[in-house]
């Protein structure tokens, strides 16, 4: 079964610093991978996704993630943090590729931005 | 506005009661997923409906049930409520119908989430 591990439940960086949120997955089939962001009192919003093709995926708000099969990782990065990036971030993996598939979410990483 | 509508936004009820949460998926989406988000359990998958049929069940209690109606909206029914049922309940939709691609995989599109229903059991 597919699973996702997010390393670090809380990450704090200074405004303007590099953001790195770690995600490792386990999958018996080529995975579809996702990053979602949740702002306070809101639902989850898709940041980016990897399905096939280019392993470096660019998303909204300047975020990007790289699929590394050899490391079973899909870390999320942003070169320069902004105060508005403070939120909870969820890495997720699709459990399959059929219409019955569901997405399994990691436990989330809360990102705090220091002024 | 994500296009997925959940009502009500907030619900306060007493233990032992029954509530119904409603979700209208994004126009054209056939799949509806229900998730429970709590501080101690994180985001837990409850159940998935596709075009009116139950497709997958997750960690859904027997006191909980769901259905998807012909117009594709879905309802999550929670009964005999306990304090521990207090959580945010999210609905998400996916799987746009594509006449040109019956073999599409809904996962390609990710999910579109509603803003959730915050349930407080007192």
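Every number here is computed from the coordinates shown, using simple stated rules; none is lab data. Keep in mind it's a predicted model, so treat the numbers as computed, not measured. Backbone-built Cβ (ideal geometry, glycine too); neighbour counts: all protein chains shown.
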Report the residue, chosen from B:93, B:24, B:65, that carries the largest GNM mean-square fluctuation when chain B is represented by alpha-carbon nodes joined by springs under 10 Å. B:65
Indicate the gyration tensor shape class of the protein assembly as shown (rounded, prolate or oblate), computed on the Cα atoms with a ≥ b ≥ c the square roots of the eigenvalues: a/c under 1.5 is rounded; otherwise a/b larger than b/c is prolate and the rest oblate. oblate
Just want the ordering: A:85, B:40, from fewest to most Cβ atoms lying within 10 Å of their own Cβ. B:40, A:85
Taking each pair of different alpha-carbon atoms in chain A once, compute 1/r for the pair, average those values, and report the inverse of that mean as the Kirkwood hydrodynamic radius in Å to one decimal. 14.2
For segment B:1-59, calculate the relative contact order in percent as a whole number, restricting contacts to Cα pairs under 8 Å that are 6 or more residues apart. 23
Listed residues B:53, B:82, B:62, most fluctuating in chain B (Gaussian network, C-alpha, under 10 Å): B:62
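Based on other C-beta atoms within 10 Å, arrange B:69, A:74, B:45 from fewest to most. Each step should come with its number before you reach the end.
Numbers: B:69 10, A:74 28, B:45 20.
With the sparsest Cβ surroundings first, the list reads B:69, B:45, A:74.
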Proxy reagent accessibility, fewest Cβ within 10 Å first, across A:60, B:47, A:103: A:60, B:47, A:103
Under the definition of partner shielding as Cβ atoms of other protein chains within 10 Å of a residue Cβ, what is the mean value for peptide B:110-119? 5
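Could you tell me the relative contact order of chain B? Use alpha-carbon pairs under 8 Å, at least six residues apart, and round to a whole percent.
On the way: 301 pairs, mean separation 44.3, N = 122.
In percent, rounded to a whole number, it is 36.
Under 8 Å for C-alpha pairs, at least 6 residues apart: give me the relative contact order for chain A, rounded to a whole percent.
Values: 292 pairs, mean separation 42.4, N = 115.
Once normalised by length, the contact order is 37 percent.
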Stick to the Cα atoms of chain B, pair each with every other, and give me the Kirkwood hydrodynamic radius in Å at one decimal. 14.6
